[in-house]
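Q: My structure is below; once you've seen it, I'll send some questions.
The values are calculated or read from the model by the stated rules, or taken from the named source; none is laboratory data. Remember, it's a predicted structure, so these values are computed and weren't measured experimentally. FYI the Cβ positions are ideal-geometry reconstructions off the backbone, even for glycines, and counts take in every protein chain you see. We work out accessible area using only protein heavy atoms, side chains counted, and drop any ligands, DNA or RNA first. Shrake-Rupley method; radii C 1.70, N 1.55, O 1.52, S 1.80 Å.
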Amino acid sequence: AGGEGIAAEVDHLDPEQVGRLVERVDADHGRLDILVNDIFGADHLWGFHQKMWDRPVEDGLRLLRLGIDTHAITSHKALPLLIRNPGGLVVEMTDGTAEANASYRWESGFYYDLAKWADIRMAQTLADEIKPYGCTAVALSPGWLRSEAMLETFGVTEETWRDATRAEPHFAISESPAYTGRAIVALA
């Protein structure tokens, strides 16, 4: 797709590792223009249609750590670099709009609902905090994302994803991560 990708293995729950990553970005590039907080990896912890007390509390707390703490730690470490130059953009990836999330999304469960609402709130508060520096923060909710995990769940690849519509017709409206990436570039 063009551009340059630089792999960096980082545990975003570890402030020291995130700090070293930001230092590397600063040393190598001297700036950060876009920060996309899209850290999660907790799909296996949701517990659809289950009451909060029916889920193992350890799973719920892990989901919250992955969906909230990782975003907060990464923003804490990266925002001082991002706000150095006007025009910086922070994107908090979430699921659903503020309006849709204003009511409890019972089907997703307590912990998932809380994590995704928190991402929206983070975008709102960060927008206020970085505005004086000429920077912007937004929450972005892609549609049904054809993530690697989702493709694996349906036993398909990005090339064969349409085969999954046989089992789940609504998968026809799914979106590729590249589509979401193009939206972020357009926002920037």
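Q: Could you please report the charge total around Gly19, scoring K, R as +1 and D, E as -1 over all other residues with beta-carbon less than 13 angstrom from its beta-carbon?
A: That sum, taken over residues with Cβ under 13 Å, equals -2.
Q: Let me ask you something else. Give the dimensionless ratio obtained when the Cα radius of gyration of the chain is divided by 2.2 N^0.38 Å.
A: Its radius of gyration relative to the 2.2 N^0.38 Å reference: 1.08.
Q: May I pose another question? Provide the three semi-axes, in whole Å and in decreasing order, of the ellipsoid equivalent to segment 8-80 as defined by the square roots of 5 times the Cα gyration tensor eigenvalues.
A: 31, 10, 9
Q: Count the net charge of all other residues whose Cβ sits under 13 Å from the Cβ of Ser176, scoring Lys and Arg as +1 and Asp and Glu as -1.
A: Local charge sum for Ser176: -1.
Q: Also, I was wondering about something else. For the chain, calculate the relative contact order in percent as a whole number, restricting contacts to Cα pairs under 8 Å that are 6 or more residues apart.
A: 21
Q: In whole Hz, with x marking every Gly and Pro, tabulate ³J(HN,Hα) for segment 165-173 from phi via Karplus 6.51 cos²θ - 1.76 cosθ + 1.60, θ = phi - 60°.
A: With the stated coefficients, segment 165-173 comes to 5, 5, 8, 9, x, 5, 5, 4, 8 Hz.
Q: Quickly rank 140-149, 126-135, 72-81 as a protection proxy: mean count of other C-beta atoms within 10 Å, highest first.
A: Averaged packing, sorted descending, gives the order 72-81, 140-149, 126-135.
Q: Determine how large the accessible area of Met52 is when every protein chain is in place; take a 1.4 Å probe and give Å² rounded to the nearest 10.
A: Result for Met52: roughly 80 Å² accessible.
Q: Using helices alone, I'd like the mean residue ellipticity at 222 nm for the chain: each DSSP H run of four-plus residues gives -39500 (n - 2.57), total over residue count, nearest 500.
A: Dividing the helical sum by the residues of the chain leaves -13000 deg cm²/dmol.
Q: Leaving out same-chain residues fewer than 8 places away, which lysines sit with a Cα under 25 Å from that of Lys77?
A: Lys116, Lys131
Q: Moving on to the next point. Compute the signed sum of charges (Lys and Arg +1, Asp and Glu -1) over the other residues within less than 12 Å, Cβ to Cβ, of Ala118.
A: Here the count lands on -2.
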